[in-house]
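Read through the structure below, which is laid out as structure tokens, and then see the notes.
Values quoted throughout were computed directly from the atomic coordinates according to the rules given, and no laboratory measurement underlies them. Here the structure is a predicted model, which is why all the values come from computation and not from measurement. Glycine gets a Cβ as well: all are built from the backbone with ideal geometry, and neighbour counts include every protein chain shown.
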Amino acid sequence: MLDIRFSSALKAMLFLAAAAEQGSPTLSSAQLAEGLGTNPSLVRKLLVPLARGGLVVSTKGRAGGARLARPAEEITLAEIYRCSMGDKPLWACRPESEHVCLVTANAGEYFAQLTAEAERAVLDSLGDRTLAGGLAELRRLDAASAPR
């Protein structure tokens, strides 16, 4: 099963960044849900770790909603990844089996090392990118795909 928490959180954060640029910094969970193609309840659950991580501020009630806690230029994609994914590793290792040969005795440790290395590379790449940069990249992609 694919884990879409990071992509959903990133998309929600991009919506909030775009709204802030357009002068409407707060979006309701219904507005975010429409953009994400899901329901408001799921959006509220998605926002909890982002709020806990200091990336969004959420207010409850009829006029409530979510907004960025800091400027988009100050929020890295690595922060969004860490908040949305928590301690879940990039890849899960197969359960250990009886150690009867070279492979079964060492594959778990080998895979754990590969996963740690890949996770560091992902976080390094995401750490160099900001939410504002992501919005700029979306605009570049939109302009490139516009009919001429």
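If you average 1/r over every pair of different alpha-carbon atoms in region 78-139 and take one over that average, what Kirkwood value in Å do you get? Before the final figure, lay out each step's value.
On the way: mean 1/r = 0.0721 Å⁻¹.
13.9 Å is the Kirkwood radius here.
What value, in deg cm²/dmol to 500, does the helix sum -39500 (n - 2.57) over DSSP H runs of n ≥ 4 give at 222 nm once divided by the residues of the chain? Don't jump to the answer; show the numbers that get you there.
Numbers: 6 runs with 88 residues, N = 148.
For the chain, the value works out to -19500 deg cm²/dmol.
With a cut-off of at most 11 other beta carbons within 10 Å, and DSSP calling the residue loop, which trypsin sites (Lys or Arg not before Pro) in region 62-105 qualify? Please list them. List each step's numbers first, then the result.
On the way: sites: Arg62, Arg67, Arg82; in loops: Arg62.
For trypsin sites (Lys or Arg not before Pro) across region 62-105 that sit outside H, G, I, E and B with at most 11 neighbouring Cβ atoms in 10 Å, the list reads Arg62.
Between Ala146, Gly133, Leu2, whose Cα lies farthest towards the positive end of the dipole of the chain when Lys and Arg beta carbons carry +1 and Asp and Glu beta carbons carry -1, centred on the Cα centre?
Working it through, the farthest residue towards the positive pole turns out to be Ala146.
Could you give the size of the charge dipole of the chain about its Cα centre, using +1 on the Cβ of each K and R and -1 on the Cβ of each D and E, expressed in debye and rounded to the nearest 20? Numbers along the way, then the final one.
Numbers: 17 positive and 16 negative charges, 165 e Å.
Result for the chain is approximately 800 debye, rounded to the nearest 20.
In percent, what relative contact order does region 1-68 have, based on Cα pairs under 8 Å that are 6 or more apart in sequence?
Details: 72 pairs, mean separation 22.9, N = 68.
Once normalised by length, the contact order is 34 percent.
If I require 15 Å or longer along the helix axis, counting alpha carbons, and a Kyte-Doolittle average no lower than -0.5, what helices from the chain are left? Use full DSSP H segments.
Values: long enough: 5-21 (24 Å, 0.95); 40-52 (18 Å, 0.65); 102-127 (36 Å, 0.28); 131-145 (21 Å, 0.32).
Passing helices, by number: 5-21, 40-52, 102-127, 131-145.
Here are a few candidate values for Rg/Rh (Cα atoms, Kirkwood Rh): (1) 1.06; (2) 1.09; (3) 0.98. Which one was actually calculated from the structure I just gave you?
Given (1) 1.06; (2) 1.09; (3) 0.98, the calculated one carries the label (2).
Please work out the C-alpha center-to-center distance from region 95-148 to region 1-57 and express it in whole Å.
So the separation of the two Cα centres works out to 22 Å.
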